[in-house]
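One structure is given below, encoded as structure tokens.
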Amino acid sequence: MKRVLLTLLLGLATGTAVHYAYFDFHHRGADTLEGKLAWIRTELNLSDAQFARISALHQASHPRLQHMAEQVAQMQAEFAEFERTRRTNDRVNFLEFARFVESRRELNRECLDSTRQLVLASAEVMTPEQRERYIKLVATAEPLMGALMN
């Protein structure tokens, strides 16, 4: 009985270790740009040259997109502060809030424009069939982006 229990525990421990090793191995690349773009290579059956060019486009746009993502996070924090002040003091500084809304609209326009440029530049690298599939995938993932592509 002890031998059976020991065998089961050893099998469970080995299975768990293999599971986590497999998970770690297959998700390790997801933190790299190539790992994040792997879906596009597979989904659209891109050649190595196409994938290298698209990766270069994403690499070149990454600093700007990262900066805008930081700005979006900052604006979310500012909005939370507006909301906290409104709930706490039951007051709103409408001039300050109007400036905030306009800044947020401008940032949204910049984000959409940058994303649109990246999508269109990536699409230029593709064959017509790949491009059509890519635009449909992007439009499905982000409906607003689909409206911009038309």
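Each reported figure results from applying straightforward, stated rules to the coordinates on display, with no laboratory input. Note that the structure is predicted; figures quoted are calculated from it, not measured. Please note: Cβ atoms are built from the backbone with ideal geometry, for glycine as well, and neighbour counts cover all protein chains shown.
Spin-label model, Glu83/Arg116: points 7 Å from Cα along the beta carbon direction are separated by 2.8 nm. Net charge in the neighbourhood of Arg99 (other residues with Cβ under 15 Å of its Cβ; Lys, Arg +1, Asp, Glu -1) is -3. Positive contributions from Lys and Arg (+1) and negative ones from Asp and Glu (-1), summed over other residues with Cβ under 11 Å from the Cβ of Thr85, come out at -1. A Cβ-based charge dipole, computed about the Cα centre of the range 37-81 with Lys and Arg at +1 and Asp and Glu at -1, lands at about 280 debye. About its Cα centre, the dipole of the range 46-149 is roughly 140 debye, where the only charges are +1 on Lys and Arg Cβ and -1 on Asp and Glu Cβ.
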